[in-house]
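Scroll down for the structure; my scribbles are underneath it.
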Amino acid sequence: WVTAFSDELSAFEAYAEVMPHSVVLLVDTYDTLRGIEHAIEIGKKLRARNSSLYGIRLDSGDLGTLSIQARAMLDAAGFQDTQIMASNSLDEYVIQQLKAQGAKISVWGVGTNLVTAHDYPALDGVYKLSSLRDEKGQWQYKLKISEDPVKVSNPGCHQVRRFYSQGKAVIDLLYDLTLGIPEFPEAVLFDSHQTPVAVADYDRYIDLLLPVFRHGQLVRPRESIHALRERAIKNVNAFLDHQGEKPYPVAIEKRLYDKKQELVAEARKRNKT
């Protein structure tokens, strides 16, 4: 929700206006330490209205070090009672390690590892705002920044194109519908962010994201559970062919990658002013 606003402080102010008696602010959207400073600023305004800053939440980065820094900043500003909450794939082992480091965490947010049998496969699903229409109907890019590179979200109106060669999937490429995608795009692998590679050796492709509802109306024919099952099995079997090979490549189209880096730089500059 922070990224729906023009800047972090505006988002915090809006939240405090709606939830003045239970304000917990997620401070890691752009820069955690700067986010804590913004939270303290909101806390002072809440005190002036006979309310208080109940807590802040850390959800990325070095939770131990950040919690110690956060506690020192909050205490120095007179917010000794403000709680420090932590999340980010916590389990009993991570919590034990953080406590051994002297982490100043008051509340532990355990989600995936509590509600799933995480010793067996589990997949995190997290909502991230990537674009938002303005008053004129134009799409505005949105993204989250994090100390964890994997948590820096991708902006734009997304589509995923899967390329095939001789009947075998060779790469999945995330692109932005507004920027479009060339016939022979360049791809930046998510796990490396190295020099872009050209996607040229393919004979067909499909776009994977298909609309189901538009403006509240069903636009895709219903399928039976048997048809869904058959397609799922077919897709799983296709990727079983990749076992024993190097990981299947998933990448971001270069123009979207460049736009992302531009927006990250702008957000970091804006957040420091």
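The values are calculated or read from the model by the stated rules, or taken from the named source; none is laboratory data. On a predicted model such as this, the values are computed, not experimentally measured, just so you know. When we count neighbours, we look across all protein chains shown, and the Cβ atoms used for this are built from the backbone with ideal geometry, even at glycine. When the accessible area is computed, the model is the full protein with side chains, heavy atoms only, and any ligands, DNA or RNA have been set aside. Shrake-Rupley method; radii C 1.70, N 1.55, O 1.52, S 1.80 Å.
Around Ala200, under 10 Å between beta carbons, what's the net of Lys plus Arg minus Asp minus Glu among the other residues?
-3
Could you let me know the centre-to-centre spacing of the range 136-165 and the range 195-248, using Cα atoms, in angstrom?
19
When a/c is below 1.5 the answer is rounded, else prolate if a/b is larger than b/c, else oblate, so apply that to the chain with a ≥ b ≥ c taken from the square roots of the Cα gyration tensor eigenvalues. Display every interim value, and only then the final one.
Working: a/c = 2.00, a/b = 1.69, b/c = 1.18.
Verdict is prolate for the chain.
In degrees between 0 and 90, to the nearest 10, how far off the longest principal axis of the chain does helix 8-18 point, with axes built from Cα atoms?
On a 0 to 90 degree scale, this one is about 70.
Work out the FRET efficiency for Ala4 and Asp91 from their Cβ-Cβ distance, taking R0 = 30 Å, and round it to the nearest 0.05. Walk me through the intermediate numbers first.
Numbers: r = 31 Å, r/R0 = 1.03.
Calculated transfer efficiency: 0.45.
Run the quick spin-label model on Ala200 and Glu17: label points 7 Å from Cα toward the beta carbon, then report their separation in nm to one decimal.
Simple spin-label model gives 5.4 nm for this pair.
Give me the 1.4 Å probe accessible area per residue for the chain, excluding ligands and nucleic acids, in Å². Walk me through the numbers on the way to the answer.
Values: 16850 Å² over 273 residues.
That works out to 62 Å² for each residue.
Once you put a point 7 Å from the Cα of Trp108 and another 7 Å from the Cα of Asp148, both along the Cβ direction, what distance in nm separates them?
Distance between label points: 1.7 nm.
Quick check: the angle from helix 63-76's long axis to the longest principal axis of the chain, C-alpha only, nearest 10 degrees?
Here the helix axis deviates by roughly 30 degrees.
Between Cys157 and Lys246, how many nm apart are label points set 7 Å from Cα along the C-beta direction?
Using points 7 Å along Cα→Cβ, the separation is 3.5 nm.
Indicate the gyration tensor shape class of the range 127-203 (rounded, prolate or oblate), computed on the Cα atoms with a ≥ b ≥ c the square roots of the eigenvalues: a/c under 1.5 is rounded; otherwise a/b larger than b/c is prolate and the rest oblate. List each step's numbers first, then the result.
Working: a/c = 2.57, a/b = 1.52, b/c = 1.69.
Oblate is the answer for the range 127-203, as a/c is 1.5 or above yet b/c matches or exceeds a/b.
Gaussian network model of the chain, Cα springs within a sub-10 Å range: biggest mean-square fluctuation belongs to which of Pro211, Pro155, Pro182?
Pro211
Of the residues Arg71, Arg220, Arg47, which exhibits the maximal mean-square fluctuation in a Gaussian network model of the chain defined by a 10 Å Cα contact cut-off?
Among Arg71, Arg220, Arg47, the largest mean-square fluctuation in the Gaussian network model of the chain belongs to Arg220.
Under the rule of at least 5 residues apart or a separate chain, name every residue whose amide H is placed under 5 Å from the amide H of Gln83.
Residues meeting the amide H criterion: Gly55, Ile56.
Lys and Arg at +1, Asp and Glu at -1: add these up for the other residues within a Cβ distance under 10 Å of Asp62 and post the number.
On the way: positive: none; negative: Glu147, Asp148.
Computed value for this residue: -2.
For the chain, what proportion of DSSP beta bridges, expressed in % and rounded to the nearest 5, is antiparallel? If you can, show how the numbers build up before the last one.
Details: 22 of 35 bridges.
So the antiparallel bridges in the chain amount to around 65 percent.
Need one word for the range 31-162: rounded, prolate or oblate. Basis is the Cα gyration tensor (sqrt eigenvalues a ≥ b ≥ c); a/c below 1.5 gives rounded, then a/b vs b/c decides. Each step should come with its number before you reach the end.
Values: a/c = 2.30, a/b = 1.16, b/c = 1.98.
Oblate, because a/c is 1.5 or more while a/b does not exceed b/c.
Give the carbon-plus-sulfur fraction of the accessible surface of the chain in %, rounded to a whole number; probe 1.4 Å, heavy atoms of protein chains only. Write out the running numbers ahead of the final one.
Numbers: 9050 of 16850 Å².
Answer for the chain: carbon and sulfur cover 54 percent of the accessible area.
Excluding Trp1 itself, what net charge comes from residues whose Cβ is under 15 Å from its Cβ, given Lys and Arg +1 and Asp and Glu -1? Present the calculation step by step, with values, prior to reporting the outcome.
Values: positive: Arg57, Lys128, Lys142, Lys144; negative: Asp7, Glu8, Glu13, Glu17, Asp28, Asp59.
Result for the local shell: -2.
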